[in-house]
Amino acid sequence: MSGNTSGNSLPLETTIKEYRPGLEGVIACRSSISYVDGQEGLLEYRGINIRELAEHSTFEETAYLLLYNHLPSEREFSQFKMLMARLRILPHLIRDAIEEFPVGMHPMLALQSAISLLQADDYYADDISSPQHNLRRAISLMAKLPTLITTFERYRSSEEPLPPSSKYSHAENFLFMLTGEPPHSLAAKVFDRFLILHAEHSMNASTFVARAIASSNASIYSSISGAVGSLSGILHGGANERVLRMLYSIGHPDNVEEFIEEQLATKNRIMGFGHRVYKVKDPRAHILEEYIPDLVDQLGGEEVKTLYQTARRFEEVAAQKMASRNIHPNVDFYSGIVLEALGIPVDLFTAIFSMARVSGWCAHWLEQIDTNRLFRPSQDYIGDHQRAYVPIENR
């Protein structure tokens, strides 16, 4: 193959870069949405430190920041919250379809399917030429995900889904629609912080998937559905379920050291520890664990208290045995304990992660289509050449 060598361009063969498994270190896009410094343990949304947002903001305001690149005025925020409240209600078509989902279906598969179905209610979904309509679709998806998740959960539990209430915030609505009870003030506060901490995280696997799908000018529903599929994997969002099961299998703080030594000796993965970006403790884990003592004391039973004590002992032992290798707790290590204390079913954990991260995915979808170029990476072909075809009777 010959390439165009005019000007400063080079033949195609000479532009192929070093192979990077997992695209590690490869810059795939330019973005102003979030910034991560893995050496310093820094995470910023639109330039604002995640700790400031967790301490002073709400999920709705954080979502607005991610979508619009500025904090809202009082008037803008009031309008945004009213729009979110209106858009939380599901079309009857979607609710009826969810009712027919198999009860044994994993919530992540149910969520991915339901998001795809939302496109059936948006006749012009493939027309992405209007920035105003694109923003409204993004807000609609953020508003509807809690309703999708709780509708599926209640149907599979043989309970009638509850409509969202305009008097509740985003976090409160989810807890209300899940249980039918007015949300406890501490539970609502901690859950809101949980959503903020999970809302966005730069070019992770699911965000890359969302942008890659968006680059083909596919609808926002296709991009977000694909992102949900990526998040479901145990190396991404699905890790929080595995962390909780790991801690319960250990059973007691006294069993932690033996478990860790066994995992290290057999070179098994320790769920909730290590991160492709952070070389120090995940800043989101730092913040999240600060809320756990009060949450466990006020809402957790003895089982959850033992679970938390086991996690604390786990981190102490792991620091002695793994910190020298830059392996520290990530956000998944504590997020499962928070959701367990809130009484949320374990297999809903990753769907709730999606409910938070959809704000970041939507921001990336909007950014991608605004300055789009189709994703088309190269490959390093390692197969054969010039193989002869052998007729079937001679094989």
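The values are calculated or read from the model by the stated rules, or taken from the named source; none is laboratory data. These figures come from a predicted structure and were not determined experimentally. Heads up, the Cβs are rebuilt from the backbone with ideal geometry, glycines too, and the neighbour counts pull from every protein chain shown.
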*Conditions: (1) modelled with pLDDT under 95; (2) buried (at least 23 other Cβ atoms within 10 Å of the Cβ); (3) not hydroxyl-bearing (Ser, Thr, Tyr). Leu197 meets all but one. Number of the miss?*
(1)
*How about the stretch 341-361: which of its residues are more than 15 Å from Leu195 (Cα to Cα) and part of a helix (DSSP H, G or I)?*
Ala341, Val346, Asp347
*asked:* With the condition being over 30 Å from Arg137 (Cβ atoms), I'd like the helices (runs of 4 or more DSSP H) fully within the stretch 215-334 carrying at least 2 qualifying residues.
replied: 239-250, 256-265, 283-299, 302-322
_Restricting the stretch 233-253 to residues that are farther than 23 Å from Met203 by Cα and surrounded by fewer than 17 Cβ atoms within 10 Å (Cβ to Cβ), the residue that is modelled with the lowest pLDDT_ = Arg245
*Mind counting the residues in the stretch 104-120 that are over 23 Å from Asp347 (Cα atoms) and surrounded by fewer than 15 Cβ atoms within 10 Å (Cβ to Cβ)?*
1
*Does Ile337 satisfy the condition of being in a loop (DSSP other than H, G, I, E, B) and of a type outside the set (Ser, Thr, Tyr)?*
no
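Filter the stretch 303-317 down to the residues that are hydroxyl-bearing (Ser, Thr, Tyr) and in contact (Cβ under 8 Å) with a residue 40 or more places away in the chain, then identify the one that is surrounded by the most Cβ atoms within 10 Å (Cβ to Cβ).
Thr310
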*Considering the stretch 20-72 alone, what residues qualify as being hydrophobic (A, V, I, L, M, F, W, C), in a loop (DSSP other than H, G, I, E, B) and at pLDDT 95 or above?*
Ile33, Leu71
*Could you look through the stretch 23-66, keep only residues that are small (Gly, Ala, Ser) and buried (at least 20 other Cβ atoms within 10 Å of the Cβ), and pick out the one that is farthest from Lys189 (Cα to Cα)?*
Ser34
_Considering only residues that are of a type outside the set (Gly, Ala, Ser) and without any contact (Cβ under 8 Å) to a residue 24 or more places away in the chain, which ones fall in the stretch 260-302?_
Glu262, Gln263, Thr266, Lys267, Asn268, Arg269, Glu290, Pro293, Asp297, Glu302
*Return yes when Leu90 is surrounded by 13 or more Cβ atoms within 10 Å (Cβ to Cβ) and assigned to a loop (DSSP other than H, G, I, E, B) and no when it is not.*
yes
_Can you pull out every residue in the stretch 378-389 that is surrounded by fewer than 10 Cβ atoms within 10 Å (Cβ to Cβ) and either part of a helix (DSSP H, G or I) or not acidic (Asp, Glu) (or both)?_
Gln379, Tyr381, Ile382, Gly383, His385, Gln386, Arg387, Ala388, Tyr389
*Filter the stretch 31-76 for residues that are under 19 Å from the mean Cα position of the chain (by Cα) and aromatic (Phe, Trp, Tyr) and give the result.*
Tyr35, Tyr45, Phe59, Tyr64
*asked:* Tell me whether the stretch 327-345 contains one or more residues that are among the aromatic types (Phe, Trp, Tyr) and surrounded by fewer than 21 Cβ atoms within 10 Å (Cβ to Cβ).
replied: no
